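Engineer: Below is the structure I would like to discuss, written out as structure tokens.
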Amino acid sequence: VDVDETLAAKAARGNREAFDELVNRYQSRMFQLVRILTSGDAEAEDLVQDTFVRAYRAVGQFRGDSTFRTWLHRIAVNVVRSHAARRNSRGRPRSVEADAADDDAAVGRLASHEDLEDAVVRRRTIDQALARLPPEMRLLITLRDVQGLEYREIAVITGLPIGTVESRIFRGRRRLRPMLAPLLERSAPRREK
Amino acid sequence: MAADDDTQDAVRRILNERPPEDLPPGAEARLRQRLDQEPPPARRVAAPRAARPRKKKTASRTKAARSRSSRR
């Protein structure tokens, strides 16, 4: 039996330590997901908290029809969608770029200054490219290529037919290609003279 | 087609290698504090089964009736 499902079953019986272990396993991934989907929203941490609180309240109803990670991703996506709907109704503009202040703070926490700088630049380039995609296309690509979910899991999370998921991801990668050109050129294998 | 495949692979690889950002300092502790305020999760309660209507007892078919239906 999958570790996640075992932990979720224990959490459903009131074992808080089991739920804390699920938090350990997924908090960072959920943070990446929310940061990308909200284009670096400063409220990302609050949204991740909301995701886990909702999951905690509902874990007693988790039936194992899907994997725990699929179930948790679906909750996170719903939290982000509700947040976006609230923002739109209030007429607040959505931030388009990752918060530069957060990135600067991240630089201070990294080991080597050179690597840190490079990691921040790479991440910012990727996030800015993703932010230019339509929200649904960004969601599909992020779930597949950043989070590493299977197409069938993405179909469950979004409620889209699997063929639609595949074709939109295909088209999304094509759109990203020119925006990621600086990274692609740098990472391409160099030919010897 | 080959160019398309290259594009798909290259973009997938770049995204897959996106450097993760650290959680904000203290994020784990703040989440645990919020969870501490929550009551234990409610367990799924199985819906009570509706009482099944009792089957009416029917007279078992006679040997003659069974042989009549099998001949049809």
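FYI, it's all coordinate maths here, none of it is from the lab. Everything quoted here is computed from the prediction, not taken from an experiment. Heads up, the Cβs are rebuilt from the backbone with ideal geometry, glycines too, and the neighbour counts pull from every protein chain shown.
Engineer: Which parts of the stretch A:52-67 would a label at A:A85 reach, counting a residue when its backbone N lies under 16 Å from a point 7 Å out along Cα-to-Cβ?
Structural biologist: Residues passing the 16 Å test: none.
Engineer: Could you tell me how far the Cα centroid of the stretch B:14-30 sits from the Cα centroid of the stretch A:1-80, in Å?
Structural biologist: With the stretch A:1-80 and the stretch B:14-30 each reduced to a Cα centre, they are spaced 15 Å.
Engineer: At 0.36 nm per residue, minus the direct Cα-Cα distance, what do A:D2 and A:I162 gain on full extension? Give it in nm, one decimal, please.
Structural biologist: Roughly 55.2 nm would be gained on extension.
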